[in-house]
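To keep things clear, I will list the structure first and then write my remarks on it.
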C-alpha cells in the first residue's frame, strides 16, 4: 500500500437504521449518538435509527445525521490505529473529514451543519428549485446544454465520468434534462431533494453561513484535506473556512478531487460513513485503486483486516 485516503459521504447516503449495529456493539457509538442529541436539543438518534424516512430526508436532519454516523465510523476505525494520509468529503462530507483531521471538533461541526442545512433549505422556496442527474454525457456537453437554457441551470456535481448533476430553477432543470436526453444522454433523473444545492441560487445561504463560520475556531488539520471547491489540498484554517462557504453555491469537483489524490500517490481508498455511494463512483473514476468501506460492523471488520494485512 502506497498511500491511504478516507472519503466521507454527503447528502443522499442516509438511510433509516444506519449505525444501528454500531450502537448495539460499541459504547463509542452510543456515546456519540447521545452527544448529538444533547448538542442539538432533540432526539436526532431516534431519527437516525427509527426514522421515519421523510423526517430523516429533511435537509436540517440529514446533514447532522450523516455527520454523526460518519464520525462514529471514523472513531471505530481510528481506534484500530488506521490513520489516512489524506481525506476528502463529498459536499457535507467535508465536515466529517475536518472532524476526523481535528480541524474542528464534533460539537462545532454538528452545530455548523445544522445551521447549514437550515440556511440551504430557506434559501429558495420549496418547489422553485430542483436538481437532476445527467448520465452518459461528457462534462463539456452538459455545460453547453445548461448555457443554452435561458434562466438558472448549472452543472453542480462532477461526480465521475458520465455522471453529472445539474441544479437551478425547476422548469429550467427540466428543460435542460429534456435537451440532454435529446442530445444523447442515457438518462436524466430528477432528484428527490429540497433545493438546488451548490448552484448560484444558494448564495443567500452562504451569506448567512459565513457569519456562523466566523464563530468557530478552525485548526490546521492533522492530515491534508482535498477541497470540493477547487480539488486542491487545503491546510490553512482561513482557506478552509472560505472553501466551506464557497462550496455552498459552487460545484462539487468530486471527480477532480479523487484524481488529485491519485496523482498524490493514493492507491487505497476507504469510504467512512453510511452507504457505498462514493465507493461506486470510485469504480467509474479509476478501476485500478483499492476501495473499502466502513458502514457497519461487518464492513468495518473486513476493512480493518484488509488494511492491516496490506501493511
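Figures for the structure shown
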read-out	value
Verdict on residue 26 being more than 23 Å from residue 197 (Cα to Cα), assigned by TED's automatic domain parsing to the domain that holds residue 99 and out of contact with any helix residue (DSSP H, G or I) (no Cβ under 8 Å at 6 or more places or on another chain)	no
Residue count, the stretch 75-98 (criterion: part of a helix (DSSP H, G or I) and either surrounded by fewer than 24 Cβ atoms within 10 Å (Cβ to Cβ) or out of contact with any strand residue (DSSP E or B) (no Cβ under 9 Å at 6 or more places or on another chain) (or both))	4
Residue in the stretch 242-253 that is in the same structural domain as residue 59 (by TED's automatic domain parsing), farther than 13 Å from residue 91 by Cβ, in a loop (DSSP other than H, G, I, E, B) and over 16 Å from the mean Cα position of the chain (by Cα) present	no
Leading residue by the ranking (surrounded by the most Cβ atoms within 10 Å (Cβ to Cβ)) among those in the stretch 102-118 that are assigned to a helix (DSSP H, G or I) and over 17 Å from the mean Cα position of the chain (by Cα)	108
Selection count, the stretch 261-278, where residues are part of a helix (DSSP H, G or I), touching a residue at least 12 places away in the same chain (Cβ under 8 Å) and surrounded by fewer than 24 Cβ atoms within 10 Å (Cβ to Cβ)	2
Residue match in the stretch 214-221 (condition: touching a strand residue (DSSP E or B) at 6+ places or on another chain (Cβ under 9 Å) and buried (at least 21 other Cβ atoms within 10 Å of the Cβ))	yes
Selection status of residue 185, over 17 Å from the mean Cα position of the chain (by Cα), buried (at least 21 other Cβ atoms within 10 Å of the Cβ), more than 25 Å from residue 54 (Cβ to Cβ) and in contact (Cβ under 8 Å) with a residue 24 or more places away in the chain	yes
Given (1) without any contact (Cβ under 8 Å) to a residue 60 or more places away in the chain; (2) surrounded by 21 or more Cβ atoms within 10 Å (Cβ to Cβ); (3) assigned to a helix (DSSP H, G or I), index of the condition residue 258 fails	(1)
Identity of the residue in the stretch 293-311, in contact with a helix residue (DSSP H, G or I) (Cβ under 6 Å, 6 or more places away or on another chain) and surrounded by fewer than 20 Cβ atoms within 10 Å (Cβ to Cβ), that ends up nearest to residue 93 (Cα to Cα)	296
Cβ-Cβ under 8 Å pairs, at least 6 apart or on other chains, the stretch 105-125 side free of Cβ contacts under 8 Å to residues at least 40 places away in the same chain and not assigned by TED's automatic domain parsing to the domain that holds residue 70, far side assigned to a helix (DSSP H, G or I) and surrounded by fewer than 21 Cβ atoms within 10 Å (Cβ to Cβ)	none
Within the stretch 43-62, considering residues that are at pLDDT below 95 and not in a helix (DSSP H, G or I), the one nearest to residue 109 (Cα to Cα)	58
The listed residue being assigned to a helix (DSSP H, G or I), outside the structural domain of residue 283 (by TED's automatic domain parsing) and under 21 Å from residue 90 (Cα atoms), out of 156, 142, 181, 173	142
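Yes/no matrix, rows are residues, columns are (1) under 20 Å from residue 277 (Cα atoms); (2) at pLDDT below 95:
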residue: 64; (1), (2): yes, no
residue: 75; (1), (2): no, no
residue: 78; (1), (2): no, no
residue: 96; (1), (2): yes, no
residue: 126; (1), (2): no, yes
residue: 136; (1), (2): yes, no
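The values are calculated or read from the model by the stated rules, or taken from the named source; none is laboratory data. If you're wondering where the values come from, they're calculated on a predicted model, not measured in any experiment. All Cβ positions, glycine included, derive from the backbone under ideal geometry; neighbour counts span all protein chains shown.
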